[in-house]
Amino acid sequence: MTHIYVTGVSKAYKIYQKKTDRLIEWLVLMIQRRHKEKWILKDINFKINEGETVGIIGVNGAGKSTLLKLVTGTARATTRTIDISGRVAAMLELGMGFHSDFTGRQNVYMSGQLLGYTIDQLNASMPEIESFAEIGDYIDQPVRVYSSRMQVRLAFSVATAIRPDILIIDEALSVGDAYFQHKSFERIREFRRKGTTLLLVSHDKQAIQSICDRAILLSKGEVAMEGEPESVMDYYNALLADKDKKYIKVSNADGKKATLLGTGEARISRLGLFNAESESIENVQVGQVITLKVAIKIEQPIEELVVGYAIKDRLGQPVFNTNTHHLKRVLNNLPAGKKLEYNFEFPANLGVGSYSIAVALHSSDTHVARNYEWRDLALVFTGINPSKQPFIGVSWMPPTLEIKE
């Protein structure tokens, strides 16, 4: 059975002050230690079972690429081991395994054999590889004349020419153009439907939340959080925004982990969704006019207050975001103790399904500058369609129709 088991894995690199220190240490058989250890990963534990899709996220330097090198066997762990079952195809670096002086076709055969393909398999797959890469006559030109986009097209086409048991992809796809990103992610989804185990490293929130069953957040070489992709991405965004190091809390909301972050200079005291009769609601009809009410108390004097909200679908994908900076309704110089209520009224042109609302209090145009309070999953509601014509999707955009002969 296909799986990836990572148990207690750590990785350290030896740092030598002088070039000769390595030789001296080797000659005296490590009796005299002349290096320092830099730990990149510390006690990493997770399991990926057959058919699962798991995303790994984290800031640069968190240890993501090192972890993938350990999983694929291109580097060895300092402590413990990694158990992998199944044929692995990996894209860790752009054009990995390509030789710049050889043509694209020659590199297909070289890199394909490194991935474990036979010559017969590559001969049979070559038309499909050429077709999917869409680089035309460049397939018979040296790779040194390729753009980075052409390299990633060919590399991905080779790695996925034959559906692997396990597919591991680093950030390489982010280099490709928008068209090829859509095309490659559709192939990834196809592999997922057919049972391929996927391990994906990406900073793309939409990719992680739309493809992955679980997400793992690495921070300073350790697993900071593991779980449902939306909750992990929310916590990751909170870490990025936590410049003032005030507080980050994780609580449960509607069965999901919700992140609460902020400095506390302004607080949300009450919030809710209401219909035209000012009744609190949890079910929202398609096209119904509703009001999001946010009551706020200023705890400490602040120079500027911006209030924003984001509506997300059940996968955490953004449906609509705005704030009072964009609406040109920013308040300034607010004293401690002042109480405010913001009423955002809008038509809920949403499809049938489950939605959540995140609310943020901050300065400037985004919460990254100075964040007073940010609540993910602050409200959860259900979109229903008792009266409109049936449709599919998260947005209600009824057309007018004219037919001409």
Looking only at the range 262-275, decide whether some residue is more than 19 Å from GLU373 (Cβ to Cβ), of a type outside the set (Ser, Thr, Tyr) and either at pLDDT below 90 or part of a strand (DSSP E or B) (or both).
yes
Those residues of the range 292-343 that are closer than 20 Å to THR382 by Cβ, open to solvent by 20 Å² or more (accessible area, probe 1.4 Å) and among the β-branched types (Val, Ile, Thr) come to a total of 1
Within the bounds of the range 248-261, is there any residue that is surrounded by 20 or more Cβ atoms within 10 Å (Cβ to Cβ), over 30 Å from VAL289 (Cβ atoms), modelled with pLDDT of 85 or more and not polar (S, T, N, Q)?
no
Could you list all residues from the range 186-228 that are under 12 Å from the mean Cα position of the chain (by Cα), open to solvent by 60 Å² or more (accessible area, probe 1.4 Å) and modelled with pLDDT of 90 or more?
ASP213
In the range 346-405, residue surrounded by the most Cβ atoms within 10 Å (Cβ to Cβ) [restricted to those that are within 22 Å of the chain's Cα centre (by Cα) and among the aromatic types (Phe, Trp, Tyr)]
TRP374
Would you list the helices (runs of 4 or more DSSP H) that sit entirely within the range 101-200 and hold 3 or more residues that are touching a strand residue (DSSP E or B) at 6+ places or on another chain (Cβ under 7 Å)?
148-159, 178-193
Could you grab the pairs with beta carbons closer than 6 Å, sequence gap of 6+ or different chains, first residue in the range 1-25 and at pLDDT 85 or above and among the β-branched types (Val, Ile, Thr), second one open to solvent by 60 Å² or more (accessible area, probe 1.4 Å) and not in a strand (DSSP E or B)?
THR2/GLU50; THR2/ASP165
Return the only residue of ILE166, ILE135 being modelled with pLDDT of 90 or more, open to solvent by less than 30 Å² (accessible area, probe 1.4 Å) and within 27 Å of ILE208 (Cβ to Cβ).
ILE166
ARG149 being within 29 Å of the chain's Cα centre (by Cα), open to solvent by 40 Å² or more (accessible area, probe 1.4 Å), under 30 Å from LYS11 (Cβ atoms) and charged (D, E, K, R):
no
Only one residue in TRP39, TRP26 is out of contact with any helix residue (DSSP H, G or I) (no Cβ under 7 Å at 6 or more places or on another chain) and outside any strand (DSSP E or B), so which one is that?
TRP26
GLY104 passes all but one of the listed conditions (1) open to solvent by less than 40 Å² (accessible area, probe 1.4 Å); (2) farther than 18 Å from PHE156 by Cβ; the exception is number (2)
Tally of residues being touching a residue at least 40 places away in the same chain (Cβ under 8 Å) and touching a Lys or Arg at 6+ places or on another chain (Cβ under 9 Å) across the range 261-302:
22
Out of the residues in the range 63-88 meeting the condition of being under 18 Å from GLU37 (Cβ atoms) and part of a loop (DSSP other than H, G, I, E, B), tell me which one is least open to solvent (accessible area, probe 1.4 Å).
GLY63
Matching residues in the range 136-159 (more than 15 Å from ASP101 (Cβ to Cβ) and among the β-branched types (Val, Ile, Thr)) number 3
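The values are calculated or read from the model by the stated rules, or taken from the named source; none is laboratory data. Remember, it's a predicted structure, so these values are computed and weren't measured experimentally. Because the Cβ atoms are built from the backbone with ideal geometry, glycine has one as well, and the counts that use them run over all protein chains shown. Just the protein is used for accessible areas: all its heavy atoms, side chains included, with ligands, DNA and RNA removed. Shrake-Rupley method; radii C 1.70, N 1.55, O 1.52, S 1.80 Å.
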